[in-house]
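One structure is given here, and the rest of the page talks about it.
None of the figures in this text is laboratory data; all of them are computed from the coordinates on show. Everything numeric here is computed off the predicted structure, so don't read it as measured data. FYI the Cβ positions are ideal-geometry reconstructions off the backbone, even for glycines, and counts take in every protein chain you see.
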Amino acid sequence: RIYWDFGNSEPVRLGSYPEYAEAFGHYFKQAVARRMRSAYPVAVSLSGGVDSSSVFCAAETLRCQYPGKYREVLPFSTNVDAPLANEEEYLNAIEDKYGVPIRRIPSKVQYITGSIRQAFLDNEVPYFRAPLDSTYSFHRAVHKAGARVLLTGMWGDQVVSTPAYLIDLARRFRW
């Protein structure tokens, strides 16, 4: 049964693509700002990908635009040895642009090991995530830094685009 919905019964109709982009930007910044309300520093899980980078950049920009309104934004990244998914160059670009060092937390990749139940509880998402044990030290480091809010880009791709292309790739064995 449905227990939650967005609440918009009417589809949004704007006049042009730039208007949609502007509206998205407005609501994205508003969503980030609402999640930055904290008496403690706010941490951002930053991979270097578009989703988490957008969240961090919006948060740090808001903090700089409104000094005193928002607490310090602490970027954290998990260093996983994954050559095909290495986004270090983007992390470096973010550090250069904002002058904020990203705290890199080493991660020991362990596939199909550890407590699956604990991994689900820690990640707060109901799907199997590999590497399972990559976030434990990450969450401890965030907590030790004094943050009580952790922003992520989790599910960003699923919200703003369709994963249908993945089905096509799987059907053609071109994953």
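The table for this structure:
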read-out	value
Charge context of Y40, other residues only, Cβ under 11 angstrom, K/R +1, D/E -1	+2
Gain on full stretching of the segment that runs from I167 to R104 - 0.36 nm per residue minus C-alpha separation	19.3 nm
Residues K144 and D5, FRET efficiency given R0 of 45 Å [Cβ-Cβ distance, rounded to 0.05]	0.75
R0 of 45 Å, Cβ-Cβ distance M154-S16: FRET efficiency to nearest 0.05	0.90
